[in-house]
């Protein structure tokens, strides 16, 4: 039995610097039953399960926020300038004394660590300098300051390390999505590393075509497309370029009514790779495997055109609400014109 999600675990990616990022393999992102009509609706949707990237503000809101932040920054800079002007005269006299106290504090803070390192390394401490103890060409204050800078840089590096979640399973089933165009750039906004997706469920949507954007997921192993409105076998040819697909579903589409549908699909999928093991949740038998081999070796090159439905012979997805309203208005206008012409 195939799993629909992946347990959270630490994951190593070749292109990720472990010093900067920690990658956690996350459970599935579930956007099923979310009333989406376009793939870009994902940008503003919260999943029913799983964690997505934070939802971004709209362009107008983001622009307004930037303007407000910039104005606040300018006002704050003006206030700081006034304060600095008032303090500059007083601070000038005490600047030298303050700097001395600061460096002395740094030296005292790091002195034990410095002396310990010097003792372990058998480095003699030169104490005959009137400016204080020295080690080589550096005095104690400089050594302490260098040590402090190193410690601060280490803390800053630790702060920059981020945790990212890697999702391998995405559920988009039972929506009203009509096209997959733009699915990859959309998912880059929703999730980390969408190209690492292994399980994609697009079943029970309003898809009539398979857009080439699907090829941006080269690691797909399970792809569900059943319950859609795909009516042309040539659309399936695009999926033959996915080299790792093990399970594919297309039942419940108009193409299922084409005679020899199953053999056509297996033959198309085996034309480049032979990784497919299950079609429509049914294991591909040895006999079907042999038939697909014969089909590809002897017939595939001769098949210039796949059998298709006439435009009025296959089931089409429901119209969009705005399209339906436009159609109703046109019908009403046509009827009213006919009535007026009849009266005239």
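So the values come out like this:
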| item | result |
| --- | --- |
| Computed label-point distance, nm, for sites residue 162 and residue 243 using a 7 Å Cα→Cβ extension | 3.0 |
| Residue 25 paired with residue 189, simple spin-label distance in nm, labels 7 Å along Cα-to-beta-carbon | 2.9 |
| 14 Å reach of a label modelled at residue 53, 7 Å along Cα-to-Cβ, counting backbone N of segment 196-216 | 196 |
| Cβ-derived FRET efficiency at R0 41 Å, residue 81 paired with residue 46, nearest 0.05 | 0.40 |
| Fraction of alpha-carbon pairs over 16 Å apart in segment 190-270 - percent | 49 |
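Read-outs: derived from the displayed coordinates by stated rules, not from any lab. Keep in mind that what you see is a predicted model, and the values were worked out from it rather than measured. Reconstructed Cβ throughout: ideal geometry from the backbone, glycine too, with neighbour counts over all protein chains shown.
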